[in-house]
1. So ASP263 passes all but one of these: (1) under 16 Å from ASP221 (Cα atoms); (2) more than 36 Å from the chain's Cα centre (by Cα); (3) of a type in the set (D, E, K, R). Which condition number does it fail?
2. Starting from residues that are among the charged types (D, E, K, R) and part of a loop (DSSP other than H, G, I, E, B), keep the ones in the range 240-272 and report whichever is modelled with the lowest pLDDT.
3. Name the residues in the range 117-170 that are open to solvent by 70 Å² or more (accessible area, probe 1.4 Å) and among the hydrophobic types (A, V, I, L, M, F, W, C), would you?
4. Quick one: how many residues across the range 51-92 are open to solvent by 40 Å² or more (accessible area, probe 1.4 Å) and either assigned to a helix (DSSP H, G or I) or hydrophobic (A, V, I, L, M, F, W, C) (or both)?
5. Output the residues belonging to the range 217-239 that are in a loop (DSSP other than H, G, I, E, B), open to solvent by less than 50 Å² (accessible area, probe 1.4 Å) and within 15 Å of ALA271 (Cβ to Cβ).
6. Working only within the range 166-213, note down all residues that are part of a helix (DSSP H, G or I) and among the polar types (S, T, N, Q).
Amino acid sequence: MSNHHGHDHSHAVVTENNARKLSFALVLTTTFLIIEVIAGFITQSLALLSDAAHMFTDAAALAIALVAIKIGKLPADDKRTFGYQRFEILAALFNASMLFVVAMYILYEAYQRFSHPPEIQSLGMMSVALIGLVINLISMKILFSSSQDSLNIKGAYLEVLSDALGSVGVFIGAVIIYFTQWVWVDTLIAVLIGFWVLPRTWILLKQSINILLEGVPEEIDIEKLRNDLLSLKDVESIHQLKVWAITSKNVHLTVHLYAPQADRNALYQQALEMLSHEHAITEMTLQIEEDECLTHSHCHPDDHQGNPHQYDKDSHQHEE
């Protein structure tokens, strides 16, 4: 038990640390966002506005990530046995959807501008882009270490990264316009920023939806997992194997093991170790059965579906 408590404690420290980093990045981003929007209208630069729009979703991402941490810490109660950890995923989903909307707006605005290019003040555009780059690099440095561990922070980090590249793009555009007066370059860069962000948004959207649909987390190899369970000593068949995630790091598993000859405690211990070492799954419910009737659907006249989730040793070896 003491070990489990230690884990909880370290998790709380990590969360506090993440919240501090996010708050700092949020203040920086919001301050710059306001500057960039004003500058975008003054200089007439769509690239700056496009960058500002992403800065806005950026700030939203950071704010959502912060709220997710605060809400995720709320204790579980009788109505929500997992607590509020899922909020992180809803946040990521909302954030990805926002980015899509922004990208669409920029593309529409760019389409309008190709026919009526406005006058653009390239020097102002250049200096604002530079400030933006510096601010993004600071935020990236703050968030990088935590982005490896949390989908939430990873979303925020990717936003800041795409923003930094956006700022580089805007800066290069401003330099080109300054020397050549090709104002269409501004529109082109705005569109490129939009296209650059979309694939990342799509990935975040896909990951979030997969978790919400109780899909098997991407890092889990379900075939290998099935074979590993079947190769445990005395396990004759397995069924009702389910693997899902509550948040990006919180993976759960339930399975029924049909093992009439097994020493239950030994088998339980063995399964526990295999799952945590081989597959990094620590939250599990194992049902060890001795009665053939429990595993075979033909004993249950009311079970119309048969048993789609059953895998036994023999049939499995034939398949391979």
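The values are calculated or read from the model by the stated rules, or taken from the named source; none is laboratory data. Keep in mind that this is a model prediction, so the values were computed, not measured. Virtual Cβ from ideal backbone geometry, glycine too; neighbours counted across all protein chains shown. Heavy atoms of the whole protein, side chains included, go into the accessibility calculation; ligands, DNA and RNA do not. Shrake-Rupley method; radii C 1.70, N 1.55, O 1.52, S 1.80 Å.
1. Looking at each condition in turn, ASP263 falls short on (1).
2. Pass one, the range 240-272, residues among the charged types (D, E, K, R): 242, 249, 263-264.
Retained after the next criterion (residues that are part of a loop (DSSP other than H, G, I, E, B)): 249, 263.
On the way: LYS249: 70, ASP263: 84.
Only one residue tops the list, namely LYS249.
3. LEU123, LEU130, ILE131, VAL134, LEU137, ILE138, PHE144, LEU165, listed by residue number.
4. Start the filter on the range 51-92 by keeping residues that are open to solvent by 40 Å² or more (accessible area, probe 1.4 Å), which leaves 56, 67, 70-71, 73-82, 84-87, 90.
Next, only the ones that are either assigned to a helix (DSSP H, G or I) or hydrophobic (A, V, I, L, M, F, W, C) (or both) stay: 56, 67, 70-71, 74, 76, 82, 87, 90.
Of the residues in that region, 9 qualify.
5. Start the filter on the range 217-239 by keeping residues that are in a loop (DSSP other than H, G, I, E, B), which leaves 217-221, 231-236.
Among the residues that remain, those that are also open to solvent by less than 50 Å² (accessible area, probe 1.4 Å) are: 217, 220, 232, 235.
The answer is LEU232, VAL235.
6. To start, the set of residues in the range 166-213 that are part of a helix (DSSP H, G or I) comprises 166-180, 184-212.
Scanning the range 166-213 gives SER167, THR180, THR187, THR201, GLN207, SER208, ASN210.
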